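Have a look at the structure below, then the notes.
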Number of protein chains: 2
Amino acid sequence: MKSLLWAFWYILPAYFANASPVLVGGGRPIDGGRFWRDGRRILGDGKTWRGFAGGVAIGTAVGMVQYFITPSFYGSFRTAFLLAFALSFGALFGDLVGSFFKRRANLPRGYPAIGLDQLGFLISALAFAYPVKTLDSGKIIFLLIVSPFIHWGANYFAYRMGWKGVPW
Amino acid sequence: MKSLLWAFWYILPAYFANASPVLVGGGRPIDGGRFWRDGRRILGDGKTWRGFAGGVAIGTAVGMVQYFITPSFYGSFRTAFLLAFALSFGALFGDLVGSFFKRRANLPRGYPAIGLDQLGFLISALAFAYPVKTLDSGKIIFLLIVSPFIHWGANYFAYRMGWKGVPW
């Protein structure tokens, strides 16, 4: 049971990175307003350089704070920093890839893709972080099952707080 | 590289179980035509007892054949059988849970839920199989990344062969 809490502790920078564009987003879209060959936007106006950079910065900062709380979990500051950076970059990269596929499926911006929205960022974060530090398979499966519910709860909270216009 | 092929070999019964209702499906719906409190069907007509039982049987049979090809991978016939059953049951159980959420989101039967359709059955299969035999985290992450593409390819093939009415 206690070991499952370590799974959350491990993935925390990815959650923060994934959630932060809601707060720090806006600005120039990453696709520069350009279109794919299907005539639709490559990524859309929802994915911006500021949201991406801000999310990576916030997620990495979270990891640095985590190191000072539980240094033995990471072994070294270097590992904690690299892990948090990889998790944050991976989470936001996975979010961009997800947006690309959503635009290709012609889903409008902000429209939910059940599964992709909750799991895409997580799987990408786990993949980017794998060379730095990974979890055993039981904890990974646990995160894959509980993350969608955390994601829905967090989005519903953000919606009720007025931070987001839609409850997903 | 070769070890990644073992990841496919491990998960093969789940893929077969997930794909087989297209061929063996039909018959009485599992929800018996009943409705959830939101006024929509619990699971819908697409999820039937015959599809579920047929999928578990086919997936488990695949696992028994796998044992005779690579007995040392499983150690014992009992492990191979239990693993194939758990992967197949888990895959189809995950598919049912996915359908439940799709009905709640008011997606019509057969409408794609990007991510859930490709990952829900896989995560559920990995969870049910975990107590019998699991993979290391690198192989699990690999399966999570490549499975959506295999899923799309297989569905497109089934559509072109006339087995399915829609290409997803």
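What to note about this one:
- Taking the conditions (1) within 14 Å of chain B (Cβ to nearest Cβ); (2) free of Cβ contacts under 8 Å to residues at least 60 places away in the same chain; (3) aromatic (Phe, Trp, Tyr) in turn, A:Phe142 satisfies each one other than (2).
- Filter result for B:Phe73 (under 24 Å from A:Ile114 (Cβ atoms) and surrounded by fewer than 16 Cβ atoms within 10 Å (Cβ to Cβ)): no
- Residues of segment A:139-157 that turn out to be among the small types (Gly, Ala, Ser) and either in contact with a strand residue (DSSP E or B) (Cβ under 7 Å, 6 or more places away or on another chain) or surrounded by 17 or more Cβ atoms within 10 Å (Cβ to Cβ) (or both), as a count: 1
- Close Cβ contacts (under 7 Å, 6 or more residues apart or on different chains) running from residues in segment A:117-138 that are closer than 19 Å to A:Phe100 by Cβ and within 7 Å of chain B (Cβ to nearest Cβ) to residues that are open to solvent by 30 Å² or more (accessible area, probe 1.4 Å) and hydrophobic (A, V, I, L, M, F, W, C) comprise A:Gly120/A:Val97; A:Ile123/B:Ile145; A:Ala127/B:Ile145.
- Of the candidates A:Gly94, A:Gly44, A:Gly90, the single residue that is more than 10 Å from chain B (Cβ to nearest Cβ), buried (at least 23 other Cβ atoms within 10 Å of the Cβ) and more than 20 Å from B:Ser124 (Cβ to Cβ) is A:Gly90.
- Test: residue in segment A:113-120 that is assigned to a loop (DSSP other than H, G, I, E, B), touching a strand residue (DSSP E or B) at 6+ places or on another chain (Cβ under 7 Å) and open to solvent by less than 50 Å² (accessible area, probe 1.4 Å): yes
- On inspection, B:Asp31 does not qualify as open to solvent by less than 50 Å² (accessible area, probe 1.4 Å) and under 25 Å from B:Thr134 (Cβ atoms).
- In segment A:25-34, the count of residues that are of a type outside the set (A, V, I, L, M, F, W, C) and assigned to a helix (DSSP H, G or I) is zero.
- Test: residue in segment B:61-84 that is within 11 Å of chain A (Cβ to nearest Cβ) and touching a residue at least 40 places away in the same chain (Cβ under 8 Å): no
- Looking across segment A:76-87, the residues that are open to solvent by less than 70 Å² (accessible area, probe 1.4 Å) and either closer than 18 Å to A:Tyr15 by Cα or in a loop (DSSP other than H, G, I, E, B) (or both) come down to A:Ser76, A:Ala80, A:Leu82, A:Leu83, A:Ala84, A:Ala86, A:Leu87.
The values are calculated or read from the model by the stated rules, or taken from the named source; none is laboratory data. All values reported here derive from a predicted model rather than from experimental measurement. No Cβ is skipped: glycine too gets one built from the backbone with ideal geometry, and neighbour counts run over all protein chains shown. Ligands, DNA and RNA are stripped out before the accessible areas are found, and what is left, the full protein with its side chains, is counted by its heavy atoms. Shrake-Rupley method; radii C 1.70, N 1.55, O 1.52, S 1.80 Å.
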